[in-house]
Amino acid sequence: MRIARATVLHPHVGRRLSKASLRRLAGRSISRVERHGKHQLALLDDGSTLHVHFRMSGDWVIHPGGGELPRFARFVLELEDGSQIVLADPRALSTVQLLAPGAPLTTRLGPDAVSTAFDAAHLLSALARRRIAIKPALLDQSVVAGIGNIYAAEALWLARIDPRTPASEVGARDAERLVRAVRRVLARGRDGSGRYTTSGAARLNVYDREGKRCSRCGTRIERIVQAARSTYWCRGCQVSPAPRAKRP
Ligand SMILES: [Zn+2]
């Protein structure tokens, strides 16, 4: 199905789309779609790529066409049959851009956390170059796409890894455990629509549980701040890897 017209309805969402790129979208068809966490790449038949970054609250809504657009419609791809693919985003933080054939992504994207490309070997090589701690590294979309703050804390707890561990000091065994833990928490937190949600809150082991007892070892959960985000963790059982020297 070909795109008949592309329309920007919110200046922030469309700020990376020139009038010329909007015109270029007309007549194109989408040959393949890849999702990397909050990023989506729609590969078009002329080799160009429509890159959508959904950020906090954006998602596509399929609209049969005619009548009123869905609430919070920010960007619309109208297809030749009159149906519309609508980017709805209450906070209008999403961005859309058209990348020329072969153009590199402005954000280098790691594999999606739910894909088979996210494995211990990838994680080890991505972490080897990082000077930051493992917790903020897990939130870095160039390491792995699709892990939010809650899931990073929960996965580190499951894998018994100290969130303050320098990323480059995470070893092979911990990387294996961490990949398995990430898959488990994402599987638990995903609803039927395939989007990440916080509806699994009742089953959280550390996130937002400061001062409560760890269900595994009874130590009180602590909250620290890393890269301006809260990290909840258990000092009692998140002890891997054994620290070389005592960390603050
Ligand atoms: Zn514990």
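We did not get these values from a lab; they are worked out from the coordinates using the rules stated. Remember, predicted model here, so these are calculated numbers, not experimental data. Virtual Cβ from ideal backbone geometry, glycine too; neighbours counted across all protein chains shown.
Overview of results
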read-out	value
For the chain, built as a Gaussian network whose Cα springs stay under 10 Å, the top-fluctuating residue of Lys19, Lys135, Lys38	Lys19
Formal net charge of residues neighbouring Thr49 (Cβ-Cβ distance under 15 Å; K, R +1; D, E -1)	+3
GNM top mover of Ala227, Ala167, Ala153 - the chain, alpha-carbon springs below 10 Å	Ala227
Anisotropy class of the range 120-234 from Cα gyration tensor, a/c 1.5 cut	oblate
In the range 66-124, GluC sites (Glu not before Pro) in a DSSP loop with at most 13 other beta-carbon atoms within 10 Å	Glu68, Glu80
Lys pairs, the chain - Cα-Cα below 25 angstrom, 8 or more residues apart or on other chains	5
Overall dimensions of the chain as given by Cα atoms, namely Rg and Dmax in Å	20.6, 65
Thr7-Glu68 pseudo-label distance in nm [points 7 Å out on the Cα-to-Cβ vector]	1.5
Ellipticity estimate at 222 nm from DSSP helix runs (n ≥ 4, -39,500 (n - 2.57)) divided over the chain, nearest 500	-6000 deg cm²/dmol
In the range 117-195, trypsin sites (Lys or Arg not before Pro) in a DSSP loop with at most 15 other beta-carbon atoms within 10 Å	Arg129, Arg131, Arg195
C-alpha long axis of helix 149-158 to longest principal axis of the chain, angle in °	40
